[in-house]
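The values are calculated or read from the model by the stated rules, or taken from the named source; none is laboratory data. In this text the structure is predicted, and so the values were computed from the model without any measurement. When we count neighbours, we look across all protein chains shown, and the Cβ atoms used for this are built from the backbone with ideal geometry, even at glycine. Keep in mind that these areas ignore ligands, DNA and RNA; they rest on the heavy atoms of the full protein, side chains included. Shrake-Rupley method; radii C 1.70, N 1.55, O 1.52, S 1.80 Å.
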Amino acid sequence: MSKMAASRQSIQDVIPELPAENIDMLAATSKLQQQATEIRAQHINWQSYLQSQMISQEDFNFIKPLDAADAATREAILKEHRTQCAKTFLNLLGHVSKDQTIQYILIMIDDLLQEDRHRVEIFREYSQKKRESVWGPFLNLLNRPDEFITNMTARIIAKMACWSKETMEKSDLHFYLTWLKDQLKKPDNEYVQSVGRCLQMMLRIDEYRLAFVAVDGISTIISVLRGRVNFQVQYQLVFCLWVLTFNPLLAEKMNKFNVIPILADILSDSVKEKVTRIILAVFRNMIEKPADSQVSKDHCMAMVSSKVLKQLSILEQRKFDDEDIVADIEFLNERLQASVQDLSSFDEYATEVKSGRLEWSPVHRSAQFWRENAGRLNEKNYELLRILTHLLQNSHDPLVLAVAAFDIGEYVRHYPRGKHVIEQLGGKQTVMQLLAHDDPNVRYEALLAVQKLMVHNWEYLGRQLEKEQDNNKTQGNKPASGGSAVAAKA
């Protein structure tokens with residue numbers, strides 16, 4: 001076994017095998033599987049293809065007996081005619097144009113691979129001998145208009161990419177993962193379960209995980225999970241997030257995509273044990289896997305802010321046969337409770353702002369909090385202020401807008417240079433635009449924030465006037481002209 005293959009094997013050892021397709025009933029009744037069953041029952045007249053010279057005698061002599069063979073006979077044929085197998089299938093895919101026949105050929109290939117995953121080497125070895133890419137003929141089929149053909153091809157590519165001794169080349173991998181990502185985003189995609197299945201396989205391999213993140217894959221998964229999808233798709237996509245978190249670097253970056261609040265929402269709504277189990281597993285990995293303990297702490301605080309403790313309390317009342325669920329609930333409860341003990345008011349505030357889910361929690365209305373912590377909003381290059389400004393510009397939630405506007409006003413009121421900072425970040429103009437918002441609460445908080453911005457300005461101006469008047473008295477000058485000069489500068 002090569003070093004790369006050994007490394008891939010060790011990575012996959014920690015992740016349980018995916019259930020067989022015939023065990024996972026929802027996957028087995030997916031649109032792709034239903035169509036495959038119907039197409040498999042149809043028979044191709046290979047003789048007519050030979051007579052019309054659309055296939056060669058050599059290819060006919062191989063495909064006809066293989067198509068009619070039982071499992072034992074298939075194994076014998078493939079053992080004796082290994083090279084001819086790859087040659088015939090690739091010839092047929094390249095020369096037959098009829099969709100129905102291409103569909104049937106792809107199902108034959110998929111069935112052969114499903115029967116014995118080592119058969120992927122038949123195609124790889126043949127392509128190496130020909131000094132051609134094994135991926136080219138299959139990737140080309142992803143451009144076909146027939147959706148069954150493209151999705152069955154994608155399924156075959158996933159098996160070849162995951163079961164082969166060698167990983168997929170970077171350019172081909174980028175093309176394939178981009179295709180899968182685009183299929184996830186496709187509105188009302190009837191084959192989304194099949195796409196999810198491909199990703200569940202691919203993301204078990206670390207090299208493929210990094211490549212998927214590079215094509216903005218995590219954001220795509222999160223955007224789909226935000227929408228209304230059935231629990232099977234939820235499970236598949238959360239499974240994808242779970243396997244991604246086995247990479248410590250990805251586990252550290254995960255919540256930058258707002259993963260925790262989204263999964264917390266699904267956890268609170270889900271009644272399916274498989275969805276609950278996989279979300280808890282993601283949360284556990286996001287605490288255990290990061291090498292940086294501060295990141296783990298931040299993830300704990302994000303879970304607390306997203307009301308995960310409340311959900312854990314509810315789950316504790318249910319009886320689960322799955323020992324992993326019970327263990328994960330205990331682990332998360334212990335870590336989150338410990339996090340709450342260490343949580344300062346500023347930590348609580350920062351976690352809430354980073355989650356993007358602002359509400360009227362006590363820290364916002366606390367004058368003491370703002371007196372003690374307003375200056376801390378400048379930390380990390382004004383990270384929290386930038387998030388507040390971003391929320392004011394992009395959020396459609398009136399509650400979030402109202403609280404963010406209030407916080408901007410309180411920051412300006414308690415930090416001496418706050419007005420200047422907010423102007424530099426573009427916050428002042430954004431707040432002023434909210435004066436015309438449809439929601440009365442947003443308008444009210446925006447008005448208060450604008451007033452604080454203006455009052456701050458006048459307080460500054462008043463101090464300058466008093467200072468100049470004092471100087472004029474000391475120097476014997478008239479105060480009027482001096483005051484006008486300052487006013488003009490202001």
Residues within region 40-65 that are assigned to a loop (DSSP other than H, G, I, E, B), closer than 17 Å to residue 91 by Cβ and either open to solvent by 70 Å² or more (accessible area, probe 1.4 Å) or in contact (Cβ under 8 Å) with a residue 24 or more places away in the chain (or both), tallied: 5
Flag for residue 334 being assigned by the TED database to the domain that holds residue 247, of a type in the set (Asp, Glu), open to solvent by 30 Å² or more (accessible area, probe 1.4 Å) and farther than 20 Å from residue 246 by Cβ: yes
Residue in region 316-338 that is farther than 21 Å from residue 406 by Cα, in contact (Cβ under 8 Å) with a residue 12 or more places away in the chain and among the basic types (Lys, Arg) present: yes
Criterion: touching a Gly at 6+ places or on another chain (Cβ under 8 Å) and not assigned by the TED database to the domain that holds residue 292 - qualifying residue of 203, 177, 237: 177
Per-region count, region 176-235, residues crowded, with 20+ Cβ neighbours inside 10 Å, farther than 14 Å from residue 30 by Cα and of a type in the set (Gly, Ala, Ser): 2
Those residues of region 66-89 which are open to solvent by 20 Å² or more (accessible area, probe 1.4 Å) and not in a helix (DSSP H, G or I), in sequence order: 70, 81
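Inspect region 166-183 for any residue being within 22 Å of residue 37 (Cα to Cα) and not β-branched (Val, Ile, Thr) and give the result as yes or no.
Looking for residues that are within 22 Å of residue 37 (Cα to Cα) and not β-branched (Val, Ile, Thr), one finds none in region 166-183, hence no.
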Lone unmet requirement of (1) open to solvent by 10 Å² or more (accessible area, probe 1.4 Å); (2) assigned by the TED database to the domain that holds residue 295; (3) touching a residue at least 24 places away in the same chain (Cβ under 8 Å) for residue 269: (3)
Tally of residues being open to solvent by 50 Å² or more (accessible area, probe 1.4 Å), under 21 Å from residue 355 (Cβ atoms) and at pLDDT below 95 across region 272-297: 4
Residue within region 33-47 that is over 20 Å from residue 103 (Cα atoms) and modelled with pLDDT of 90 or more present: no
Subset of region 135-166 [of a type in the set (Lys, Arg), open to solvent by 10 Å² or more (accessible area, probe 1.4 Å) and assigned to a helix (DSSP H, G or I)]: 155
Index of the failed condition, residue 168 passing every other in (1) farther than 23 Å from residue 122 by Cβ; (2) touching a residue at least 40 places away in the same chain (Cβ under 8 Å): (1)
